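Asks: This is the structure I want to talk about, given as structure tokens.
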Amino acid sequence: MKIMEVPPRYPNFEQTAIKKFWDSLKEGKLLATKCSECGKTEFPPKIVCTSCYSDKMEWIELPKRGRIYSFTEMHVVPTGFKPPLTVAVVELENGVRLFSYVVNARFEDLKVGDEVEIDFQEMNWYDYKKHPYFVFRKV
């Protein structure tokens, strides 16, 4: 019996309610949504606020710099990546925390509080096409 590998579902970037987010990555911008009612910033972007449930959301551009809040090294990694892979939670200058890969520094060379900036590169997604996404670079 042959077992087929079926890739997981992935977002259809052209039909999602947050298409503007995916388009902004191609322009080197990282967008989030901010609730006009309570002021909560949502990342990933949402069409409804998870705090007050308002649908009055506006698009904002996130700051490009932040500091490492926590990080780790992965030895079992997603398909298409070579281990080890360093990943971090970064707190941006506006307080929003993001999770992504650190691309220009080894695990041993990082520490909590290191300054990083957002950069953009193409990554393979499950549809086997390249799409832009954000990563972190140590400053």
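Asks: How do the pairs read when you match residues in segment 16-43 that are on the phi > 0 side of the Ramachandran plot with residues anywhere that are open to solvent by 40 Å² or more (accessible area, probe 1.4 Å), using Cβ under 8 Å and keeping only pairs 6 or more apart or on different chains?
Replies: Partner pairs satisfying both residue conditions: Gly28/Phe120.
Asks: Let me ask something else. Name the residue that is modelled with the highest pLDDT, counting only residues in segment 114-130 that are more than 16 Å from Val103 (Cβ to Cβ) and not acidic (Asp, Glu). Quick ask: steps written out before the conclusion?
Replies: To start, the set of residues in segment 114-130 that are more than 16 Å from Val103 (Cβ to Cβ) comprises 125-129.
Still in the list and also not acidic (Asp, Glu): 125-126, 128-129.
Details: Trp125: 64, Tyr126: 59, Tyr128: 59, Lys129: 68.
Ranking the qualifying residues of segment 114-130, first place goes to Lys129.
Asks: Does Val116 count as within 16 Å of Thr41 (Cβ to Cβ) and either in contact (Cβ under 8 Å) with a residue 40 or more places away in the chain or among the polar types (S, T, N, Q) (or both)? Steps first, answer last, please.
Replies: Values: within 16 Å of Thr41 (Cβ to Cβ): no; either in contact (Cβ under 8 Å) with a residue 40 or more places away in the chain or among the polar types (S, T, N, Q) (or both): yes.
Answer is no for this residue.
Asks: Mind telling me which of the residues Phe71, Phe134, Phe120 ends up being outside the structural domain of Lys34 (by TED's automatic domain parsing), more than 23 Å from Ala17 (Cα to Cα) and in contact with a Leu (Cβ under 8 Å, 6 or more places away or on another chain)? Explain how you work it out, then say what you get.
Replies: Numbers: Phe134 fails: more than 23 Å from Ala17 (Cα to Cα); Phe120 fails: more than 23 Å from Ala17 (Cα to Cα).
Going through Phe71, Phe134, Phe120 in turn, just one is outside the structural domain of Lys34 (by TED's automatic domain parsing), more than 23 Å from Ala17 (Cα to Cα) and in contact with a Leu (Cβ under 8 Å, 6 or more places away or on another chain): Phe71.
The values are calculated or read from the model by the stated rules, or taken from the named source; none is laboratory data. Given the structure is predicted, the values throughout are model-derived calculations rather than measurements. Here Cβ is always computed from backbone atoms with ideal geometry, including for glycine, and neighbour counts include all displayed protein chains. Remember, those area values only see protein heavy atoms, side chains included, never the ligands or the DNA or RNA. Shrake-Rupley method; radii C 1.70, N 1.55, O 1.52, S 1.80 Å.
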